Each structure stands twice: as C-alpha cells, then as structure tokens.
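Working notes, structure below.
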Amino acid sequence: MITKAKDINEKITWQEITTGAEIYEPATSLLVETGDWRVMTPVFKEDDCKQCMLCVLYCPDSSIPVKNHKRRDFDLVHCKGCGICAKVCPFNAIEFVKEDK
C-alpha cells in the first residue's frame, strides 16, 4: 500500500512503495474515465457477433456491457482501445478504426 507523506520532510522507503503492475483490488477501472487515452476505437459489428462472450471475459476494463445475456456496444468512456477484444473474437465482429478527436 502506498503511504502518503504527512509533511514534505517525511521519508518514504522503497519497501513502502507499491509494486508496479499489480492489481490490489478488482474492478477499479470503472472509477476512472480512461476513454480519453484511446487512439483506436473499437467498432462492434453486431450482425457478425455470435454472442460467444469471449470479448467480455478478456476485456481488462469491463468496457463491454452485457444485458439480457447479450453483449452490447462498447462503453467508450472506459475503453482504452487495447484491442484484446478484437484479437479474441473468433467471428471478426470487432474492428478498430483510428480515433477521431
């Protein structure tokens, strides 16, 4: 756990600093709007989707909502555009396009 210094003179040792790339609590990505980081935008091709849900399982940001046992279009507020969903989709129902900003 990261220790916050109470004053500027307080020293923090390297043993007190959180190790990078470790997840300490689940599902925190919904707390941060990370969609602004995206360079490529996912496009859901609903007609090609067979609802296998692999994309939902592999999405590291929980950016693929499911309602009534069907995946829905992307939550672009939280999607970083990593492309994992497109890589795991066996039906090519997800493509990535350059982000227009």
Given Lys50/Lys80; Lys70/Lys98; Lys45/Lys70; Lys50/Lys98, which pairs have Cα atoms separated by over 19 Å? Lys50/Lys80; Lys70/Lys98; Lys50/Lys98
Report in % the part of the accessible area of the range 37-101 that belongs to carbon and sulfur, leaving out ligands and nucleic acids; probe 1.4 Å. 54
What spacing in nm lies between the two simple spin-label points modelled at His69 and Lys45, each 7 Å away from Cα in the Cβ direction? 2.6
Counting Lys and Arg as +1 and Asp and Glu as -1, what is the net charge of the other residues whose Cβ lies under 15 Å from the Cβ of Glu46? +2
Put a dot 7 Å past each Cα toward the Cβ at Leu76 and Lys11; how far apart are the dots in nm? 5.1
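The values are calculated or read from the model by the stated rules, or taken from the named source; none is laboratory data. Computed from a prediction, not measured in an experiment: that's the story for all the values here. Virtual Cβ from ideal backbone geometry, glycine too; neighbours counted across all protein chains shown. Accessible surface areas use protein heavy atoms only, side chains included; no ligands, DNA or RNA. Shrake-Rupley method; radii C 1.70, N 1.55, O 1.52, S 1.80 Å.
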